[in-house]
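**Student:** Please see the structure below; I have some questions.
The values are calculated or read from the model by the stated rules, or taken from the named source; none is laboratory data. Just so we're clear, the structure is a prediction, and the values are computed from it rather than from any experiment. Note that we place each Cβ from the backbone using ideal geometry, even for glycine, and neighbour counts take in every protein chain shown. We work out accessible area using only protein heavy atoms, side chains counted, and drop any ligands, DNA or RNA first. Shrake-Rupley method; radii C 1.70, N 1.55, O 1.52, S 1.80 Å.
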Amino acid sequence: RALFPHFSLINHNCRANSKHTCYIQSKKISVTAQADIKEGEEIEINYIAFIQGTFLRRKKLHAIWKFPCLCDRCKDPTELGTNLSTLRCPKCENGYLLQEDPLQDNGNWICKVHNFKISSDAYLEMTSAIKDYLYSSKAGKSIQDQEKDLEMFQEYLHPQHHLCMLLKRNIIQTYSRLDLKQVDRNGFLRIRELCQESLDILGKVDPGYPIWRADTLKDLAACEMNLARVEFEGGLIERPEFLVRVKNSMKIVEEASKCKSAVTIRRKFDNGEPLTEEQYENCGGSQQV
């Protein structure tokens, strides 16, 4: 552990405009804007993993930093429309359970269809069990098995609940480890769907150019290029469209390069010592929960 007096003055926001990086060997820390910051606007970072739902975030923030977060995301039961904490209602077909009052530490989740409620303790028990299953069983699982797990999760959770979003990211990573010959057109379409959903949903609570966005964009670019190839070879598209789609996939790569973690960045300390991006360890904002 280390003490950084100036860095310690930076406040937390669950929708941060900056990210921080720890350089372990050199005992340095840097703060980088990941979204546009207007003149006079406060620089803010996320003290914890951004992908966690409100109940878990506020619980951890209070336990470690001793303050109740009152940001716009924490006030909104839908978490800015992402539903990262939302449950599926067990009493009706299309209903969902939202936090009745997200700022109440031990509040209930309620279905707006017929007012069915569950307690925060019940929420924590359910999500803890699903999380334990997710992390204990993900290694070596096939895509088919992970898709079955996702269906099971969605019997209890909103499709965009943070645990579902984490599992979807695992599915993308499993696809990326396969030989291209093992992925058919439907597989590439699924990768595209999952990548676009991650960008749309998670971008609402972690805007700009964070690390996870670079990884997702790179996966999407590779998917789009290979999908274009498969469809061209299968006679589904003509050569002009194939070339346009390859060009568009390269634009996605360029977009990923805006996330500084996606490229090698060479910097220097005040004493002239070179510093490369490979020497750092991220000290916050990861997807782990």
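**Student:** Toward the positive end of the charge dipole of the chain, about the Cα centre and with charges on Cβ (Lys, Arg +1; Asp, Glu -1), which of M126, P210, H162 goes farthest?
**Tutor:** P210
**Student:** State the percentage of accessible surface on the chain attributable to carbon and sulfur atoms; use a 1.4 Å probe and exclude ligands, DNA and RNA. Write out the running numbers ahead of the final one.
**Tutor:** Numbers: 8000 of 15910 Å².
Ligands and nucleic acids excluded, carbon and sulfur reach 50 percent.
**Student:** Are there any helices in the chain, counted as whole DSSP H runs, that stretch 20 Å or more along their axis by Cα and score at least 0.0 on average by Kyte-Doolittle, and if so which? Don't skip to the answer; put the middle values down first.
**Tutor:** Numbers: long enough: 120-137 (25 Å, -0.26); 162-176 (21 Å, 0.23); 185-202 (25 Å, -0.15); 211-233 (34 Å, -0.04); 239-257 (27 Å, -0.35).
Correct list, ordered by number: 162-176.
**Student:** Anyone know which of E255, E231, E39 comes out most mobile in the 10 Å Cα GNM of the chain?
**Tutor:** Among E255, E231, E39, the largest GNM mean-square fluctuation belongs to E39.
**Student:** Dipole of the stretch 1-84, Cα-centred, from +1 at each Lys and Arg C-beta and -1 at each Asp and Glu C-beta, to the nearest 20 debye? Write out the running numbers ahead of the final one.
**Tutor:** Working: 13 positive and 8 negative charges, 113 e Å.
Charge dipole of the stretch 1-84: 540 debye, to the nearest 20.
**Student:** How big is the dipole moment of the stretch 1-157 about its Cα centre under a simple scheme where the beta carbon of each Lys and Arg is +1, that of each Asp and Glu is -1, and everything else is neutral? Debye, nearest 20, please. Write down the numbers at each step before the final one.
**Tutor:** Values: 21 positive and 20 negative charges, 119 e Å.
The calculated dipole for the stretch 1-157 is roughly 580 debye.
**Student:** While we're looking at this one, here's another question. Just to confirm my numbers, what's the Cα centroid distance between the stretch 90-108 and the stretch 1-26 in Å?
**Tutor:** 33
**Student:** Can you show me the helix-derived [θ] at 222 nm for the chain, built from DSSP H runs with n ≥ 4 at -39,500 (n - 2.57) apiece and divided by the number of residues, rounded to the nearest 500. Walk me through the numbers on the way to the answer.
**Tutor:** Working: 8 runs with 120 residues, N = 289.
Calculated at 222 nm, the ellipticity per residue is -13500 deg cm²/dmol.
**Student:** With equal scatterers on the alpha carbons only and no solvent term, can you work out the Debye log10 of I(q)/I(0) for the stretch 1-142 at 0.08, 0.15, 0.21 1/Å?
**Tutor:** -0.30, -0.90, -1.27
**Student:** Shifting gears a bit: On the first, second and third principal axes, largest extent first, how far apart are the outermost C-alpha atoms of the stretch 96-183 in Å?
**Tutor:** Its Cα atoms span 50, 25, 20 Å along the three principal axes.
**Student:** While we're here: Output needed: percent of Cα pairs per 5 Å distance bin for the chain, bins running from 0 to the one holding the longest distance.
**Tutor:** 1, 5, 10, 14, 15, 15, 14, 11, 8, 5, 2, 1, 0
**Student:** How much accessible area per residue does the stretch 103-258 have, in Å², with a 1.4 Å probe? The partial results should precede the final answer.
**Tutor:** On the way: 8170 Å² over 156 residues.
I get 52 Å² per residue for this part.
**Student:** How long are the three semi-axes of the equivalent ellipsoid for the stretch 1-69, computed from the Cα gyration tensor as the root of 5 times each eigenvalue, in whole Å, largest first?
**Tutor:** On the way: eigenvalues 82, 59, 26 Å².
Ellipsoid half-lengths, sorted descending, are 20, 17, 11 Å.
**Student:** Distance between Cα centroids, the stretch 196-250 to the stretch 115-129: provide it in whole Å.
**Tutor:** Answer, in whole Å: 37.
**Student:** If you don't mind, another one. Explain nothing, just the number: dipole magnitude of the chain about its Cα centre with +1 on each Lys and Arg Cβ and -1 on each Asp and Glu Cβ, in debye rounded to the nearest 20.
**Tutor:** Values: 41 positive and 40 negative charges, 106 e Å.
Taking the Cα centre of the chain as origin, the dipole is about 520 debye.
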